[in-house]
Amino acid sequence: MVEPKLSSKSKELFERAKKVLPGGVNSPVRAFEPYPFFVNRAKGSRLYSVDGDSFIDYCMAYGALLLGHAYSEVVNAVEAQLRKGTLYGAPTALEIDLAELVQKASPCVEMLRLVNSGTEATMHAIRAARGFSGKKKIIKFEGCYHGAHDNVLVKAGSGATTFGSPTSPGIPEETTQNTIVIPYNNFQALEETIKRESHDVAAVIIEPVLGNAGLILPMKDYLRYLRKLTEEYGIILIFDEIITGFRLAVGGAQEYYNLKADMATLGKILGGGFTIAAFGGRKEIMQNMSPLGKVYQAGTFSGNPVSAIAGCTTLQALIRGKNEIYPKLEKNCTYLKKTLADLAVDYCVEAQVHSIASMFQVFFSSQPVVDYASAKLSDTKRFQAYFQELLRQGVFIPPSQFETCFVATAHTEEDLAHTINAFDKALHAASTIKRTD
Ligand SMILES: Cc1ncc(COP(=O)(O)O)c(C=O)c1O
């Protein structure tokens, strides 16, 4: 159990960090009250803090680590590559190896480009779709996160269908006027918007399983209906598989739901803990990319050999072990979900517990959660009590109600047993918080 410490190195580091990094962090969600623990090292299922605490990790770098921390095969491959050089500014066979693995895995990907982050991948996928179609607008879904670039950092106003207004200062309204935001899982808004706007819409971009507003699953046939409509109206369908790619299955949500998008974006697991992402799709769209075509996209670090070897090693391990890996992940995740749901009943905490494959999350709400609006009804104070108690019990989950927890192959039976005990205490802690609505 993690006891509060009189002197904490994490606290000192946070004070130091705040003087040089806005909010003390390099990505906003990493900051939490009263201060985040700072990491010294990680291995397998565990993070070890500078204060000597250890945490069973269900954040797993926001879903980037399916095989756990410092996976030996990846570390060895990267070590060998480091001695051969880290960046060449000229092509390598490794980039082709990785591209071929992705092409084989992801149903819609006939050609792809390697980039450095998920943000870059979705930004360029949208540009590719616009370049190919000659149309300006895109449709996205409320609560879906596609990175921090101007076109997609848009929240919807009230009403079923709205033109986006920027979520962040610094984004010109002119940019987001081309982004239409509709609620997730709403068949009618989807149909009406596509019928009304199709002449102007280059692409629909969606997280097929919504993992950035907590965890929200697509309703039965919703993705199939989206595929049908986009096909019928000649709109490019982009599946943002940055979380779901290689997680729901080797072929991501497309394999899981037996659907083919026109384009997909991939990241996180793709790099095995290193910085790499990809966007790809139908050949006729991708062959417009420069230097073959006129749609420009470039990157100094794109396809760098260190990330490429980490990616190849990870994907090969997943492909090799897929028949054992995915069922086991799902079994462990279902067990965690079921236990959480049972404990919520035991402690009389109103909760909705969702899971799919190796993703899970609990919403502290009495209402079914099907979209962003219903997710927002959750009691975030209860979530904070649950999160803080888990931390005290040595279990780390993302510190927000509107994120998702991830199970990795590195989680052991002992980890699960410890986690169940921690869940018990955390649900009890949540039950002591008076509901805020
Ligand atoms: C679905 C999805 N798309 C895009 C991104 C952006 O990726 P990155 O943080 O690598 O820029 C994320 C990040 O969490 C994501 O979850």
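The values are calculated or read from the model by the stated rules, or taken from the named source; none is laboratory data. Because the structure is predicted, anything quoted here is derived from the model rather than measured. Positions of Cβ are generated from backbone atoms using ideal geometry, with glycine treated the same way; all protein chains shown enter the neighbour counts. The protein model used for the area step is the full one, side chains on, heavy atoms only, and it has no ligands, DNA or RNA in it. Shrake-Rupley method; radii C 1.70, N 1.55, O 1.52, S 1.80 Å.
Which value, in debye to the nearest 20, gives the size of the charge dipole of segment 88-303 about its Cα centre, when Lys and Arg are +1 and Asp and Glu are -1 at the Cβ?
On the way: 21 positive and 22 negative charges, 35 e Å.
With only Lys, Arg, Asp and Glu charged at Cβ, the dipole is about 160 debye.
Mind giving me the nanometre distance, one decimal, between the label points for residue 320 and residue 188, set 7 Å out from Cα along Cα→Cβ?
Between residue 320 and residue 188, the simple spin-label model gives 5.3 nm.
Using unit Cβ charges (K, R positive; D, E negative) and no other charged atoms, how large, in debye to the nearest 20, is the dipole of the chain about its Cα centre?
Numbers: 46 positive and 45 negative charges, 110 e Å.
Using Cβ point charges on Lys, Arg, Asp and Glu, the chain gives about 520 debye.
Once every DSSP H run of n ≥ 4 in the chain is given -39500 (n - 2.57) and the sum is divided by its residues, what mean residue ellipticity at 222 nm do you get, rounded to the nearest 500 deg cm²/dmol? Intermediate values should be presented prior to the final figure.
Details: 14 runs with 170 residues, N = 437.
Helix-only estimate at 222 nm: -12000 deg cm²/dmol.
What's the local net charge at residue 355, with K and R +1, D and E -1, over the other residues with C-beta under 10 Å away? Walk me through the numbers before you get to the answer.
On the way: positive: 337, 338; negative: 330.
For residues surrounding residue 355, the net value is +1.
Accessible area per residue for segment 301-417 in Å², computed with a 1.4 Å probe and the full protein assembly in place, what is it?
On the way: 4390 Å² over 117 residues.
Result: 37 Å² per residue.
So how strong a dipole does segment 222-262 carry about its Cα centre when Lys and Arg Cβ are +1 and Asp and Glu Cβ are -1, to the nearest 20 debye?
Numbers: 5 positive and 6 negative charges, 29 e Å.
Dipole magnitude for segment 222-262 comes out near 140 debye.
Please list, short to long, the whole-number percent of alpha-carbon pairs of the chain in consecutive 10 angstrom bins beginning at zero.
Taking all Cα pairs of the chain, the binned fractions are 4, 21, 31, 28, 14, 2, 0 percent.
So for segment 88-303, taking the charge dipole from beta-carbon charges (+1 Lys/Arg, -1 Asp/Glu), which of 278, 300, 290 sits furthest toward the positive end?
Checking the options against the dipole of segment 88-303, the answer is 290.
Could you work out how far the C-alpha centroid of segment 201-231 sits from that of segment 292-325, in angstrom?
Centre-to-centre distance over Cα atoms comes out at 25 Å.
Show me the ranking of peptides 128-135, 24-31, 110-117, 342-349 by mean Cβ neighbours inside 10 Å, starting with the highest. Display every interim value, and only then the final one.
Values: 128-135: 19.6, 24-31: 13.5, 110-117: 21.2, 342-349: 16.0.
By packing density, highest mean first, the sequence is 110-117, 128-135, 342-349, 24-31.
Accessible area per residue, 1.4 Å probe, Å², for segment 90-199: what's the number? Working shown, then result.
Working: 4830 Å² over 110 residues.
Counting only protein heavy atoms, the per-residue value for segment 90-199 is 44 Å².
For segment 1-146, which whole percent of the accessible surface, found with a 1.4 angstrom probe, sits on carbon and sulfur atoms? Intermediate results must be reported in sequence, preceding the final value.
Numbers: 4190 of 7640 Å².
Answer for segment 1-146: carbon and sulfur cover 55 percent of the accessible area.
I need to check one value: relative contact order of the chain, counting alpha carbon pairs closer than 8 Å and at least 6 residues apart, in percent.
Numbers: 882 pairs, mean separation 92.2, N = 437.
Relative contact order comes out at 21 percent.
Report in % the part of the accessible area of segment 358-433 that belongs to carbon and sulfur, leaving out ligands and nucleic acids; probe 1.4 Å.
On the way: 1300 of 2460 Å².
Carbon and sulfur atoms account for 53 percent of the accessible area of segment 358-433.
Counting DSSP beta bridges in the chain, what percent are antiparallel, to the nearest 5? Before the final figure, lay out each step's value.
On the way: 29 of 47 bridges.
Around 60 percent antiparallel, to the nearest 5.
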